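Report on one structure; see the data block that follows.
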Amino acid sequence: MNDAQAERRIETDVLVIGAGAAGARAAIAARAEGVRVLVVTKSRFAKGGATPTANAADLTIDGLSAAEIGLPGDRRDSPEQFFRDIVADGLYLSNQRMVEAYVRENKPATKELIDWGMKVYSFEEAHSQKFMRGINTSGKEVLRALGRGLAANPPEWLEDHMVVDLLTRDGAVCGAVAVDQRFGGVIVIRAKAVVIATGGWQSGWLLNSASTDLTGDGQAIAYRAGADLIDMEMVQAMPDCLIWPPSLRNSYLTYVMAEGGGLGKLLNARGERFMERYDPRLLERSTKEIVSVATALEVRAGRGSPHGGVFFTLEGTDREAFEAVVKAISQYAEGSIQFREGFPRVAREAWEGRVFEVGNLMHYMMGGIRVDENGQTTVPGLFAAGECTGGLWGASRVSSAVSEAVIQGRIAGRSAGRHARSAGLLEVDREQVAEAGRRVLRPLENSGGPAPFEMKRRVQDIAARALDVVKDGKDLDWAIAELSALEKDEVPRLTVAGTRSRLVNAEWTEALQLRNLVQVLRLSAESARHREESRGSHYRLDATVMDNDRWLCNIVLTLAGDGPALKEVPVVVTTVEPPKGRLTYEQANQVATASLSEAAGADRGKTY
């Protein structure tokens, strides 16, 4: 296929890829700059991505700013304190200029959502913050509010379209190639600026807390266009989530009960409340990192449940406390089938004595496309926002991802709009377009190659074995070799075996997504193999110490030839000077126990 054979060509000023909270807010901000905006999304607004699944969503704002917009905030708190807490919670890997922008833009971005009608259920403690900073709402409420913002100055839309590659001219972005997932047409989009807002790559794991369309598309297309990726090893898990029975797998209803309501105990196969060894003070209310690492270590030590997790029980729970939590959580049921139908069942059965199997779901990506405080990537004209980016949270996210999406979307959309006002449309490279078209159609033309859905399970098996919460250098070497072989030899041979029709062909879409997913997982494994320490969400069995003298740096990956070039770059520091020295993982996470180190020592040397 060449440019002249493309079914359709479109021109716009700002192309926004993704229509979750980050993409929607970016579109609003870019339109406010007086430019044309086109939003392209694989699904539809308020249907795909991470935001609609955030049933019990929260936003995070410092207490003083909350009070200034009419919420019951604590005026002893401040944006400056919030900044310091985010940097410390991220174990000092955060880009401090990005944190400053997050804190600075938080108040106006939050007020806009409330002004657009977002319902606030309560304002309380969230994410174990020192002050009450949590605005409890729902993903549906956030998207309803953003929908009103979009309606006031609407952009153009291409729903059910997948962007497969960016187009560049002289190192700058000039557009993209997309596929119409309904009718199969290949579309060339020329744009003066592009904003990527596509979320993470949680679909690389069978056990995950996100929607199935989060396949690393934004990170992959940015990387192939020459953009830097940063801290790709930092993948956060959500513990206490249902993994059995199958009808409830990947549901986080038990997590909400445990983390949000303080209910329940975690037991291993011996019936031991194992969190007493890992964090005797906070137990199951410890950080995501501590609970998820503890759970993974119990499973690796042979003390897990039959299906690869641990057990959740409400035995000994106070009836009054239970009913209060159920009442509080039920308020989120309005826009969520999971909460409206699933939560009452799980709560009732757990109260009646049922023991559920729970475990770690891959939940959030702290690494991603490298951007600055203005949302600018290392490629001129290319911007990014939300979970697809890296640099804000460092090694651990303890504040709201929804706030990140809205704030960074606001920033990146504004930056892209201003860039587009002064930039011209660049001519697209016909050979780039032709190559993208050939690659898109290849799975329909191949024969005898691997089936997309079968390869997806192979990829998820690799991730489960070597890219789980607890990692080891030898396992990572194995994963890199496996994923590299898939990327080089198998992905180009993917074959759509069902129907060769280009009309609503889910197998074809899976093949296109797998190209991105395999590449991004490989890059994540490369970065994890390089960081020989344990920090935040990155836990290495063979390197359990957090080493500020050696590893207080960001790991950056850039395409060089056929593979990644890796480099270490200094952390961006403005006002909070990172500490020096070496700490055990427990010390770094302020947990007074040696159980993690002891368990790691007992498990070291395990191979597959």
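The values are calculated or read from the model by the stated rules, or taken from the named source; none is laboratory data. Not measured: the values here are computed from a predicted model. Here the Cβ positions follow ideal geometry from the backbone for every residue, glycine too, while neighbour counts run over all protein chains shown.
For this structure, a couple of remarks:
- Meets criteria (touching an Asp or Glu at 6+ places or on another chain (Cβ under 9 Å), within 28 Å of V379 (Cβ to Cβ) and of a type outside the set (K, R)) for E427: no
- All positions within segment 104-126 that are surrounded by 18 or more Cβ atoms within 10 Å (Cβ to Cβ) and assigned to a loop (DSSP other than H, G, I, E, B): W116, M118, A126
- Among residues of segment 431-458 that are closer than 19 Å to H161 by Cβ, those with a beta-carbon under 6 Å from a residue that is surrounded by fewer than 18 Cβ atoms within 10 Å (Cβ to Cβ) and modelled with pLDDT under 95 at least six positions away or on a different chain give the pairs V433/D3; G437/M1; L444/R500.
- Given (1) over 27 Å from V459 (Cβ atoms); (2) out of contact with any Phe, Trp or Tyr (no Cβ under 8 Å at 6 or more places or on another chain), index of the condition R182 fails: (1)
- Single unsatisfied condition, S501 versus (1) assigned to a helix (DSSP H, G or I); (2) of a type in the set (S, T, Y); (3) over 24 Å from Y585 (Cβ atoms): (1)
- Residue that is surrounded by fewer than 24 Cβ atoms within 10 Å (Cβ to Cβ), among the small types (G, A, S) and assigned to a loop (DSSP other than H, G, I, E, B), where the choices are G394, G353: G353
- Scanning segment 156-186 for residues that are on the phi > 0 side of the Ramachandran plot and in contact with a Lys or Arg (Cβ under 8 Å, 6 or more places away or on another chain) yields D160, G175, G184.
- Of all residues in segment 81-98, exactly one satisfies the criterion of being of a type in the set (S, T, Y) and surrounded by fewer than 24 Cβ atoms within 10 Å (Cβ to Cβ), namely Y92.
- Restricting A151, A101, A172 to residues that are among the small types (G, A, S), surrounded by fewer than 23 Cβ atoms within 10 Å (Cβ to Cβ), without any contact (Cβ under 8 Å) to a residue 40 or more places away in the chain and not assigned by TED's automatic domain parsing to the domain that holds L282 narrows the list to A151.
- Taken together, E276, E233, E315, E298 contain a single residue that is charged (D, E, K, R), within 23 Å of the chain's Cα centre (by Cα) and at pLDDT 85 or above, which is E233.
- Long-range neighbours under 6 Å by Cβ, at least six apart or interchain, first residue in the same structural domain as A269 (by TED's automatic domain parsing) within segment 293-306, second in a helix (DSSP H, G or I) and small (G, A, S): L297/A599
- Among residues of segment 264-289 that are on the phi > 0 side of the Ramachandran plot, those with a Cβ under 7 angstrom from a residue that is of a type in the set (S, T, Y) and in a helix (DSSP H, G or I), sequence gap 6+ or separate chain, pair up as G264/T254.
- Unique residue being modelled with pLDDT of 95 or more, closer than 26 Å to P579 by Cβ, of a type in the set (D, E) and not assigned by TED's automatic domain parsing to the domain that holds E435 when the list is E80, E11: E80
- Scoring K130 on the criteria (1) in contact with a helix residue (DSSP H, G or I) (Cβ under 8 Å, 6 or more places away or on another chain); (2) within 25 Å of Y585 (Cβ to Cβ); (3) modelled with pLDDT of 95 or more leaves a single failure, condition (3).
- Screening S403 on (1) in contact with a Ser or Thr (Cβ under 9 Å, 6 or more places away or on another chain); (2) within 24 Å of Q513 (Cα to Cα); (3) among the small types (G, A, S) shows it passes everything except condition (2).
- Conditions (1) touching a residue at least 40 places away in the same chain (Cβ under 8 Å); (2) under 20 Å from the mean Cα position of the chain (by Cα); (3) within 19 Å of V469 (Cα to Cα): number failed by A227: (3)
- Members of segment 187-213 that are out of contact with any Lys or Arg (no Cβ under 8 Å at 6 or more places or on another chain), at pLDDT below 95 and over 11 Å from H363 (Cα atoms): T212
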